[in-house]
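Please treat every number below as a calculation from the coordinates, not as lab data. Note that the structure is a prediction, hence the values are computed from the model and not measured. In this analysis, Cβ positions are derived from the backbone assuming ideal geometry, glycine residues included, and neighbour counts consider all displayed protein chains.
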Amino acid sequence: MLEIEGLEVGYRTPGGGTYRAVRGIDLQVRAGEVVALVGESGSGKSTTAHAALHLLPRGGRVTAGTLRLDGRDLSALTGSDWQGVRGRHVGLVPQDPTVSLNPVVRVGDQVAEVLVIHGLARRAAARRRAVELLAQAGIDDPEARARQYPHQLSGGLRQRALIAIAIAAGPRLIVADEPTSALDVTVQRRILDHLGSLVRETGTAVLLITHDLGVAADRADRVVVLEQGVVVEEGPAARILTDPQHPYTRKLIAAAPSLASSRLTVSHHAATDGATSGDEGSTTGLGAEPPARAARETVPVLELDDVRKEFALPRGAGARRLVAVDGVSLAVGRGQTYALVGESGSGKSTTARLALRLEKPTAGRVLFQGTDITGARGGELRRLRRGFQVVYQSPYASLDPRFTVEDIVTEPLRAFGVGSASERSDRARALVEDVALPGDVLRRGARELSGGQRQRVAIARALALNPDLVVLDEPVSALDVSVQAQILDLLVRLQAEHGLTYLFISHDLAVVRQVADQVGVMSRGRLVESGPAECILLDPQEAYTRELVAAIPGRRALEKLETA
């Protein structure tokens, strides 16, 4: 269905040269086959897909090679020819469902538009067919959803709408570019299940772009591994998973978290020297000795006591109040990691905001270091905030693009009037070294850093005031698996060296397995199960927890191999 031979893609650089992003790729996707193109960010996988669709950004061009779709040479097509190919013969499921739909056009009309553009139906018939396509894409109550705007749908429903758009004209090939990377694991599983059923029912070919070998092993017939624009390994998914030949493939497999992973630990040598398997460079201390384990206080750093949070809804929304958190009680011990897990909308991030006193609970108590801070406000609350800091999910949105790294890291010190300018500068240098970044990064801006480097800067900023509690809100979900592994190693090392206490928010139980001492599972605002990580993750008692465990990428492939 899709044949790529000797593909080379280059991008013009500011100096007038050319950066070779893809170098001599050969790739085939047959009818009824799912082929996964796997690699880290910058490996060339999305560039390859965009080249096949003639969607390279300005400055990018195919410099060599041939592309054929169902035997048709694509290199000779004009712009108007491509308008007849895309959507009609090739469907695209883009990565981010939050920005890929037109916010001012109803969902049903966006699906119908494909049929109208390609002359497959008139407007009224296209709207009726759009409802059928939304249902085919797995959307409940498609008539109502078709009348809604994208912002009224969840991320999973928006991604299903994008699938409906991709399949509307009955294309022979679907290119799915990281179609589930922004979604919870359970929603991810349902989306990929649906794509799999389309392949079985219609014989559609799928080129699946992903950085996660677990997803690839679960869903693909064949896996092609890219590193720096070159194919380093390809073969049947089962063989790639169990017997990888190339060091880069083995690195991706080792970095992908699974329930087979054990709790990350730090050796005495690593804890004192600041060196771990995922980090490079020397480190320096934060200026405070970690408390000895035997001398740790018995009072929890954070306690939530029957906390409830309600939000008022707009008029006409039916129920007048939304209960986001409903009677949650938990305790986070000093030097421990308490992981709060659940799907989007389960209430875990609202619970974190209550713990940080960014929201005031409707009922219940929040205790920090044994002191009730539920009613704290003004100057008292500001003083308390020196003791708890937060690392956000997106390393791209949480750093000020106008600041240098030194400005970002020292901002908390300036806000609380800590130290002189030279002392703050010294502190910033020690902090970036402690998170395994080179000292010269201090003069650079956030936009000059990779995602993993940005998240290290965010962690350094959170540690600037020597907090007693760090809230980590999905800190690795936006990162490639190998970078994710490095950040998790870093968090575990810093905790061991400095006696840090973490409240770790995540939807991914495989990640949680690597860092958590205690786990709380949230669903619809309630804590449905909690206890030691080993018990919750390996022997879950609640059906909802078992569903989260079953959705972990890679489990399906491993189960197939075990029963083969």
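You can think of it this way: the chain between A64 and R526 has 160.7 nm of extra reach, that is 0.36 nm per residue less the Cα-Cα gap.
Arranged from fewest to most other beta-carbon atoms within 10 Å of their beta carbon, D508, D221 become D221, D508. In the chain, a dipole from Cβ-located charges (positive for Lys and Arg, negative for Asp and Glu) runs towards its positive end, and of H151, Q495, V34 it is H151 whose Cα lies farthest in that direction. In segment 98-237 the Cα-Cα distances spread across 5 Å bins starting at 0 as 2, 10, 19, 20, 19, 13, 8, 5, 3, 0 percent of all pairs. Once the Cβ-Cβ distance of N466 and A550 is raised to the sixth power relative to R0 = 41 Å, the FRET efficiency obtained is 0.50. With a ≥ b ≥ c the root eigenvalues of the C-alpha gyration tensor of segment 136-201, is it rounded (a/c under 1.5), prolate (a/b larger than b/c) or oblate? Oblate. Ordered from longest to shortest, the equivalent ellipsoid semi-axes for segment 111-157 are 20, 10, 9 Å, each the square root of 5 times a Cα gyration tensor eigenvalue. For segment 297-563, the square roots of the Cα gyration tensor eigenvalues, ordered a ≥ b ≥ c, give a/c of at least 1.5 with a/b no greater than b/c, which places it in the oblate category. Considering the chain, its Cα convex hull presents a mean projected area of 28.2 nm². Taking the Cα centre of segment 100-170 as the origin and placing charges on Cβ (Lys, Arg +1; Asp, Glu -1), which of V105, A166, I117 is farthest toward the positive end of the dipole? Result: I117, furthest along the dipole toward the positive end.
Given R0 = 45 Å, the distance between the Cβ atoms of R190 and S425 translates into a calculated FRET efficiency of 0.35. Legend: calculated FRET efficiency, A31 to L358, from the Cβ-Cβ distance at R0 = 41 Å, rounded to 0.05, equals 0.20. In the chain, the DSSP-assigned H stretches of four residues or longer account for a calculated mean residue ellipticity at 222 nm of -10500 deg cm²/dmol, using -39500 (n - 2.57) per stretch and the full residue count as denominator. Dipole check for the chain: with +1 at the C-beta of Lys and Arg, -1 at the C-beta of Asp and Glu, and the Cα centre as origin, the magnitude is about 1860 Debye. Only lysine pairs 8 or more places apart, or on different chains, with alpha-carbon atoms under 29 angstrom apart are counted in the chain, and they number 6. Each Lys and Arg Cβ is given +1 and each Asp and Glu Cβ -1; about its Cα centre, segment 157-258 then shows a dipole of about 220 debye. Using a simple spin-label model with pseudo-atoms 7 Å out from Cα toward Cβ, T18 and Q148 lie 4.7 nm apart.
Stretching R239 away from D73 to a fully extended chain increases their span by 56.6 nm, per 0.36 nm per residue minus the current alpha-carbon distance.
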